[in-house]
Structures are given as structure tokens and as C-alpha cells.
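Working notes, beginning with the structure itself.
The values are calculated or read from the model by the stated rules, or taken from the named source; none is laboratory data. Values in this document were obtained by computation on a predicted structure and should not be read as measured data. Note that each Cβ is placed from the backbone with ideal geometry, even for glycine, and that neighbours are counted across all protein chains shown.
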Amino acid sequence: MLRRLVSIPLVLLLVAIIHLDWHLARPHHHHRLSFDWDYHWLVAIPVFALAAAYVHRRFPGREWAAGAANLFLAALGAQVLEPLAEELYYLHRFVVMTDALRWAVFAEFMVAGIAAFAATMLVLKSRARRATSPAGAGS
């Protein structure tokens, strides 16, 4: 059942963008490719709105379940699996990163993203209902 609700390309794209957000937000002294941008979470708004539009179109009638599944898998990949792989590759240890800054950045990005996803989904579902209702056919 979960397989019918998940778009692997969408999940991988979201994983990449969530990871990109970490680079946008982390301080310059942290590592190369760090931009220390306070408004990094703004990137989440168009990305998650487009993800909602894609989910709405790809999974009609199961939008909320599909959205939850795809966003959960993307968050798991970006905030648990990718940092674990990073730790293994760079530090040769099997530990999930517990950096408080990384979790704070992730939380800011996801709150903005989930709000944009939900708002977009509500608008799309409302428009779809109006388009299929008998009263909406003449408008």
C-alpha cells in the first residue's frame, strides 16, 4: 500500500533540497559551501507548494496520505540517512548527527514547507471540488 503512495523521484528531489537548505543555513565557519543565510526557510515555500501540486495530480483521492508518506520519507532521508552517510564517509563512525543547529535549521525549513504544502493542497482541493460540482460547472 505504501508503495502506491510514494514517488521515489519526488522523495529524492526533496531529500536533495532539504540537504541544500542545510548548506544555505549553516554558518560560514562550519565548512565549505556554507552560506549562513537567515532566511533559508523561504526556499521551502515554492518547493513544497510544487510538491503539493505534483502529489495532488499524481495521487487523486489520496493526496493527504501520499503527501505524508513522501514528506516523511524525504525527511528521514535528509535528516537521518544523509547525515549518517556523511558521518561514515568523513569521520568513519556510525552515528546519527546530533548537532542542535542542524536540527533547528531542519525544523524551520520543515515548518515553512509543511505549511506551504498544506495551504497549496487545500487550495487545489477546493478548486477541484468547485470544478466538479454542478454549481461550479456554469461559473
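For residue 130, the test of being of a type outside the set (Phe, Trp, Tyr), surrounded by 12 or more Cβ atoms within 10 Å (Cβ to Cβ) and without any contact (Cβ under 8 Å) to a residue 12 or more places away in the chain is passed.
Hey, among 76, 24, which residue is surrounded by 14 or more Cβ atoms within 10 Å (Cβ to Cβ) and either farther than 23 Å from residue 120 by Cα or free of Cβ contacts under 8 Å to residues at least 12 places away in the same chain (or both)? Break it down stepwise before answering.
Details: 76 fails: surrounded by 14 or more Cβ atoms within 10 Å (Cβ to Cβ).
Just one listed residue meets the conditions, 24.
Got a number for residues in the range 79-93 being of a type outside the set (Lys, Arg) and surrounded by fewer than 14 Cβ atoms within 10 Å (Cβ to Cβ)?
Step one: list which residues in the range 79-93 are of a type outside the set (Lys, Arg), which gives 79-92.
Subsequent filtering for residues that are surrounded by fewer than 14 Cβ atoms within 10 Å (Cβ to Cβ) retains 80-81, 85-86, 88-92.
Looking only at that region, the number is 9.
Can you confirm whether the range 69-86 contains a residue that is at pLDDT 95 or above, assigned to a helix (DSSP H, G or I) and of a type in the set (Val, Ile, Thr)? The answer is no, given that none of the residues of the range 69-86 is at pLDDT 95 or above, assigned to a helix (DSSP H, G or I) and of a type in the set (Val, Ile, Thr). Of all the criteria given as (1) without any contact (Cβ under 8 Å) to a residue 60 or more places away in the chain; (2) part of a helix (DSSP H, G or I); (3) not aliphatic (A, V, I, L, M), the one not satisfied by residue 29 is (2).
Results for (1) at pLDDT 95 or above; (2) farther than 16 Å from residue 20 by Cβ; (3) exposed (fewer than 15 other Cβ atoms within 10 Å of the Cβ); (4) touching a His at 6+ places or on another chain (Cβ under 7 Å), shown as yes or no for each residue.
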site	(1), (2), (3), (4)
43	yes, no, no, no
49	yes, yes, no, no
59	yes, yes, no, no
95	no, yes, yes, no
104	yes, yes, yes, no
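A single entry from 10, 14 fulfils the requirement of being closer than 16 Å to residue 120 by Cβ, surrounded by 19 or more Cβ atoms within 10 Å (Cβ to Cβ) and either in contact with a Gly (Cβ under 9 Å, 6 or more places away or on another chain) or basic (Lys, Arg) (or both): 14. One residue stands out among those in the range 87-102 that are in contact (Cβ under 8 Å) with a residue 12 or more places away in the chain and part of a helix (DSSP H, G or I): the one that is nearest to residue 5 (Cα to Cα), which is 102.
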